[in-house]
1. Pull out a ≥ b ≥ c, the square roots of the eigenvalues of the alpha-carbon gyration tensor of region 230-380, then state rounded if a/c is under 1.5, prolate if not and a/b is larger than b/c, and oblate in the remaining case.
2. First check a/c for region 321-380, with a ≥ b ≥ c the square roots of the eigenvalues of its C-alpha gyration tensor; if it is under 1.5, answer rounded, and if not, answer prolate when a/b is larger than b/c or oblate otherwise.
3. Any idea of the accessible area per residue across region 329-380, 1.4 Å probe, to the nearest Å²?
4. First compute the accessible area of region 141-212 with a 1.4 Å probe, then give the percent of it belonging to carbon and sulfur atoms.
5. Run the simple label-point estimate for THR315 and LYS186 please: 7 Å along Cα→C-beta, distance reported in nm.
6. Within the accessible area of region 221-380, what % is carbon and sulfur when the probe is 1.4 Å and the other protein chains stay in place?
7. Run the reach check for LYS57 against aspartates and glutamates, Cα to Cα strictly under 20 Å, same-chain hits fewer than 8 apart removed. What comes back?
8. Classify region 164-213: rounded, prolate or oblate, from the alpha-carbon gyration tensor (a ≥ b ≥ c, eigenvalue square roots; a/c under 1.5 rounded; otherwise prolate if a/b is larger than b/c)?
Amino acid sequence: MDEDSIRRALARIVDPAGGQDLVSAGYVGAVTLTDGAAQVILEVPGARGAAMMPLAKAAETAIAALEGISSARVILTAAAEPGGAAPAQAAKGPPPDLRGGRGAQAGAQPGSQPGPQAERRPPQPGHPIPGVDRVLAVGSGKGGVGKSTVAANLAVALAGEGRRVGLLDADVYGPSQPRMMGVRDKPTSPDGQRINPLQAHGVAMISMGLLVAEETATVWRGPMLMKALQQFLFSVVWGELDVLIIDLPPGTGDVQLTLAQRTTVTGAVIVSTPQDVALLDARKAVDMFERTEVPLVGLIENMASFVCPKCGEVTPLFGHGGAQEMGARLGVPFLGEIPIDLDTRLSGDAGMPVVLAHPDSAPAKCFREIARSLIAAGQA
Ligand code: ADP
């Protein structure tokens, strides 16, 4: 078994759209084979990304069936369209120094320091928020990857390190920070114009969900939503903050773009699960921040592995190392990976982030490591 045999297997898979096989169509990038573990990068045009997912799966199955192959992994990447945004890599310097190997314990492997590009880039124009030193946006290519969980835990971990932290939940369609931070009170106003944030676990926080009934926010679209968010951004009396964490709405639509442009976002963290880092969602989020010139601080892989609560055995449920690889490919630092963990969900639901509820757990340690690396890099 060698790399050519893998290419020959890929040459038997035909893309019904163009009638060509994967190799002839020029989609097959790097093919590697190490001790029976095969890895293939498929590079497809941006517009075909979603349509190619079944073919990528078929390719994985075909390679896995070859004799002498112990595992097969196909990573689908989509190039930016001509005339569209430049591929993220082109705009960046060399890939960052990704330190260390994978964490053997609990899958928690805090990675490199946040990125060099954060220092290289000038902050983009926008209005600073009075009293707020840095604004760190937490985004994701799609919903349900744990973006809010990461935002809440980073906020309390940073507060635990003595930083003055604010948390703004801008996820209008599914505001989850009131539940995760355990607050329910209606915010008060000092003057009928501005809004006082609530205090939770040492963090000043505010959420659209505390101000607007869910039914109201869900019918807002486009300009109306933008106006509400912008007002929201600048009406909160934050006081003096070292860092304001913004839990962005999921996805990469206009709302996220505009929000990033309206204020000086000093850095962005992208959260993704191993499945979508191997695919396209994380890349879309990277492109979005690239387009708005928001410095990318790094990628966090969430729900990376499962730690058996009984025996402590670590199982990489969806493969391993996707975010680290994706980070290297896109020139975005890898900040760490958080295992999938029942306590993380339960404590999130109970209003006490896992960093506080189970400070000795693997996810808590990983969140603290990431928080410390953000501070060390001057991002928080
Ligand atoms: P998003 O903000 O991306 O939509 P959430 O943070 O709301 O995602 O997370 C979605 C669900 O997954 C929540 O129920 C949350 O408690 C759970 N969750 C997030 N991260 C983890 C994790 N590492 N382990 C277990 N459950 C998690």
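The values are calculated or read from the model by the stated rules, or taken from the named source; none is laboratory data. Predicted model, so just to flag it, every value in this text is computed and none were measured. We place every Cβ from the backbone using ideal geometry, glycine too, and count neighbours over all the protein chains shown. We work out accessible area using only protein heavy atoms, side chains counted, and drop any ligands, DNA or RNA first. Shrake-Rupley method; radii C 1.70, N 1.55, O 1.52, S 1.80 Å.
1. Details: a/c = 1.93, a/b = 1.32, b/c = 1.46.
Note, shape of region 230-380 comes out oblate.
2. Working: a/c = 2.83, a/b = 1.61, b/c = 1.76.
Because a/c hits 1.5 or more and a/b fails to exceed b/c, region 321-380 counts as oblate.
3. Working: 1810 Å² over 52 residues.
Each residue of region 329-380 exposes 35 Å² on average to a 1.4 Å probe.
4. 45 percent
5. 4.8 nm
6. Details: 3140 of 5550 Å².
Carbon with sulfur: 57 percent of the solvent-accessible area.
7. GLU3, ASP4, ASP15, ASP21, GLU43, GLU67, ASP276, ASP281, GLU325
8. Oblate.
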